[in-house]
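The values are calculated or read from the model by the stated rules, or taken from the named source; none is laboratory data. Given the structure is predicted, the values throughout are model-derived calculations rather than measurements. Glycine also receives a Cβ, built like all others from the backbone with ideal geometry; neighbour counts cover every protein chain displayed.
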Amino acid sequence: PTTEHCFAAVDLGASSGRVIVGEVAPDRLTLHEAHRFPNQPTRVLGTLHWNVLSLYQGVLEGLNAAAAHTAHNRLTSIGIDTWAVDYGLLAADGTLLANPVHYRDTRTTGAAERVAAALPPRALYAATGIQHLPFNTIYQLMAAQGTSARTAAHRLLLIPDLISYWLTGELGTELTNASTTQLIDPRTRGWATPVAAALGIDLSLFPPLRHPGDPAGTLRPEVLAETGLAGPVPVTAVGSHDTASAVVGVPATTPDFAYIATGTWSLAGLELDAPVLTEASRAANFTNELGVDGTVRYLRNIMGLWMLQECVRTWNAEHTRGAGTDLTALLQEAARATPLRSVVDAGDPAFIAPDHMPDRIADACRRTGQPVPRTPAETTRCVLDSLALAHRRAIEDATRLSGRTVRTVHIVGGGVHNTLLCQLTADACGLPVVAGPAEAAALGNVLVQARTAGAITGGLTDLRALLHSTQPLRQYEPTGDHSAWDRAAARLGDAQVTGAAT
Ligand code: LFR
């Protein structure tokens with residue numbers, strides 16, 4: 001609370017939300033977690049929803065806690081980032097028409113085929129550069145066609161833009177997250193009008209685009225009253241896609257790096273100046289999401305720690321009277337388990353939906369003629385080996401498809417706490433891994449705000465230098481027999497699914 005500049009990062013992830021206060025000076029960057037709250041989706045009449053009002057409540061409580069942490073209840077500004085693709089629909093008077101649906105809901109089954117009938121996958125990729133994921137916004141909109149909320153909708157707000165609207169009353173569509181709708185042309189960084197026209201999507205549903213660093217309104221008087229913050233408090237657009245902020249938060253010191261943003265997902269790839277829209281890139285299911293400062297996030301979605309989280313949820317449910325799974329002990333046991341005994345394709349969309357994860361992993365092992373894991377530790381080892389293998393595959397593909405070279409792999413996000421995953425990733429890639437910071441998204445969020453406010457200056461390189469000199473990082477060197485990973489990859493075959501639509 002000594003510096004003049006305190007920023008609040010609202011960072012909503014798939015399993016928890018956080019409000020984090022960042023204090024920034026040109027040579028100083030400290031974080032304080034003001035509030036953390038669970039994000040628990042709820043199934044209603046068969047549809048999986050986000051509890052968006054409960055999340056908003058968590059944001060208000062978090063801002064209240066942030067106010068208490070700062071001098072004179074003052075924040076220089078607030079920035080908001082969340083997961084991508086999902087949205088709320090508003091009536092003309094601003095009322096939320098329906099509770100936002102979770103991207104893991106199965107309502108999009110069959111939607112990709114309907115989109116492909118209107119616009120072939122090749123043309124869609126050439127125009128947007130976005131990888132095929134069954135839950136991309138355009139498929140959700142296709143699935144929602146004809147519903148009363150969609151018919152009555154006057155506006156569509158992506159989740160961070162919705163939170164921002166409730167806090168300020170101002171409407172906007174932040175660009176990095178807008179790119180995940182599959183309705184943005186990564187060359188012009190504007191709307192892909194022909195794509196919207198082919199799919200019958202009215203682009204006037206989206207409020208005007210804004211860019212990271214743009215002003216996004218000020219807190220409404222009732223929000224000031226509720227949070228105890230001293231006004232005025234501006235909201236600043238940041239990379240509102242959490243992955244865009246996490247990539248800003250990669251503490252790279254040289255240009256030849258790859259990153260893996262780990263958490264519920266692993267987002268593995270490169271930062272580029274221009275999109276790669278080739279047919280080979282589409283076939284490898286690489287995405288060209290837009291990043292901060294005119295960059296492109298050239299990456300692939302890998303299932304991530306979701307697979308393990310879901311396994312743990314199943315094991316806990318099976319032993320309701322037990323103490324629950326001890327994750328530390330489980331990971332220690334997994335570290336001693338036979339390496340690469342069986343691996344599954346961590347890019348396979350079959351793992352997206354919730355429930356029965358250990359069974360689905362066992363099925364995948366059976367299908368590929370590998371031993372079925374018998375214990376939670378063996379299943380955990382299988383998941384982590386599989387993730388490391390998918391990390392390696394994504395980084396290899398990204399370098400091949402972009403013509404770039406990689407000498408260091410940065411792991412950021414919650415997965416940096418999983419030391420086994422970090423070591424296995426170094427082993428699989430045959431490259432040094434720098435792990436940290438865990439709160440990369442919140443840091444990227446804070447840094448963009450701090451630059452906008454003039455607390456720091458420079459480009460991404462300068463922001464990253466500040467991270468490198470202030471955040472605790474851990475280095476992992478590759479160990480073990482590298483060819484074992486080649487053999488494991490071969491077991492999955494060249495046909496290893498990347499999630500691409502044919
Ligand atoms: C990570 C993330 C990914 C996106 C997925 C769904 O939190 O934002 O980047 O593909 O969630 O929105």
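How many residues are at pLDDT 95 or above and more than 21 Å from LEU424 (Cα to Cα) when one looks only at the range 458-496?
Within the range 458-496, residues that are at pLDDT 95 or above and more than 21 Å from LEU424 (Cα to Cα) number 14.
Scan TRP315, TRP306 and give me the residue that is surrounded by fewer than 24 Cβ atoms within 10 Å (Cβ to Cβ) and within 12 Å of the ligand (Cβ to nearest atom).
Testing whether each residue is surrounded by fewer than 24 Cβ atoms within 10 Å (Cβ to Cβ) and within 12 Å of the ligand (Cβ to nearest atom) leaves just TRP306.
Quick check on the range 18-27. Is at least one of its residues in a strand (DSSP E or B), more than 16 Å from the ligand (Cβ to nearest atom), closer than 28 Å to VAL248 by Cα and basic (Lys, Arg)?
Scanning the range 18-27, I find no residue that is in a strand (DSSP E or B), more than 16 Å from the ligand (Cβ to nearest atom), closer than 28 Å to VAL248 by Cα and basic (Lys, Arg), so the answer is no.
Go through ALA334, ALA353 for me and flag whichever is buried (at least 19 other Cβ atoms within 10 Å of the Cβ) and either modelled with pLDDT under 95 or farther than 30 Å from HIS102 by Cα (or both). Spell out the reasoning first.
Details: ALA353 fails: buried (at least 19 other Cβ atoms within 10 Å of the Cβ).
Answer to the selection: ALA334.
Between a first residue in the range 160-184 that is closer than 16 Å to VAL59 by Cα and a second residue that is part of a helix (DSSP H, G or I) and within 15 Å of the ligand (Cβ to nearest atom), which pairs have beta carbons less than 6 Å apart while being 6 or more apart in sequence or on different chains?
none
The rows are residues; the columns are (1) more than 30 Å from ASN64 (Cβ to Cβ); (2) outside any helix (DSSP H, G or I); (3) more than 16 Å from the ligand (Cβ to nearest atom).
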residue: ALA123; (1), (2), (3): yes, no, yes
residue: ALA127; (1), (2), (3): yes, no, yes
residue: ILE130; (1), (2), (3): yes, yes, no
residue: GLY146; (1), (2), (3): yes, yes, yes
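Here's the yes/no breakdown for (1) part of a helix (DSSP H, G or I); (2) under 17 Å from VAL21 (Cα atoms); (3) within 16 Å of the ligand (Cβ to nearest atom); (4) at pLDDT below 95:
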| residue | (1), (2), (3), (4) |
| --- | --- |
| LEU55 | yes, no, yes, no |
| ASN64 | yes, yes, no, no |
| LEU75 | no, yes, no, no |
| ASP81 | no, yes, yes, no |
| VAL85 | no, no, yes, no |
| ALA92 | no, no, no, no |
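Quick one: ARG104 ticks every box in (1) outside any helix (DSSP H, G or I); (2) surrounded by fewer than 23 Cβ atoms within 10 Å (Cβ to Cβ); (3) more than 16 Å from the ligand (Cβ to nearest atom) bar one, so which box is it?
Of (1) outside any helix (DSSP H, G or I); (2) surrounded by fewer than 23 Cβ atoms within 10 Å (Cβ to Cβ); (3) more than 16 Å from the ligand (Cβ to nearest atom), only one is false for ARG104: (3).
Can you tell me which residue is nearest to the ligand (Cβ to nearest atom) among those in the range 265-288 that are under 11 Å from the mean Cα position of the chain (by Cα) and not in a loop (DSSP other than H, G, I, E, B)?
As a first pass, look at the range 265-288 and keep what is under 11 Å from the mean Cα position of the chain (by Cα): 265-268.
When the remaining residues are screened for being not in a loop (DSSP other than H, G, I, E, B), the result is 266-268.
Details: SER266: 9, LEU267: 5, ALA268: 11 Å.
Out of the qualifying residues, it is LEU267.
If you go through the range 219-243 one residue at a time, how many are basic (Lys, Arg) and within 16 Å of the ligand (Cβ to nearest atom)? Break it down stepwise before answering.
Residues of the range 219-243 basic (Lys, Arg): 220.
From what's left, within 16 Å of the ligand (Cβ to nearest atom): none.
Number satisfying all stated conditions: 0.
Pick out the one residue from ASP161, ASP185 that is within 17 Å of LEU119 (Cα to Cα), surrounded by 15 or more Cβ atoms within 10 Å (Cβ to Cβ) and acidic (Asp, Glu). Please lay out each step first, then the result.
Values: ASP161 fails: within 17 Å of LEU119 (Cα to Cα).
Within the list ASP161, ASP185, the selection yields ASP185.
Can you confirm whether ALA350 is among the hydrophobic types (A, V, I, L, M, F, W, C), more than 24 Å from VAL416 (Cα to Cα) and either more than 16 Å from the ligand (Cβ to nearest atom) or assigned to a helix (DSSP H, G or I) (or both)? Give the steps one after another, and end with the answer.
On the way: among the hydrophobic types (A, V, I, L, M, F, W, C): yes; more than 24 Å from VAL416 (Cα to Cα): yes; either more than 16 Å from the ligand (Cβ to nearest atom) or assigned to a helix (DSSP H, G or I) (or both): yes.
Yes: the conditions hold for ALA350.
Being of a type in the set (A, V, I, L, M), crowded, with 18+ Cβ neighbours inside 10 Å, away from the ligand (no atom under 16 Å from the Cβ) and under 20 Å from the mean Cα position of the chain (by Cα) narrows it down to one of ALA252, ALA261, ALA216, ALA246, so name that one. Quick ask: steps written out before the conclusion?
Numbers: ALA261 fails: away from the ligand (no atom under 16 Å from the Cβ); ALA216 fails: under 20 Å from the mean Cα position of the chain (by Cα); ALA246 fails: away from the ligand (no atom under 16 Å from the Cβ).
Testing whether each residue is of a type in the set (A, V, I, L, M), crowded, with 18+ Cβ neighbours inside 10 Å, away from the ligand (no atom under 16 Å from the Cβ) and under 20 Å from the mean Cα position of the chain (by Cα) leaves just ALA252.
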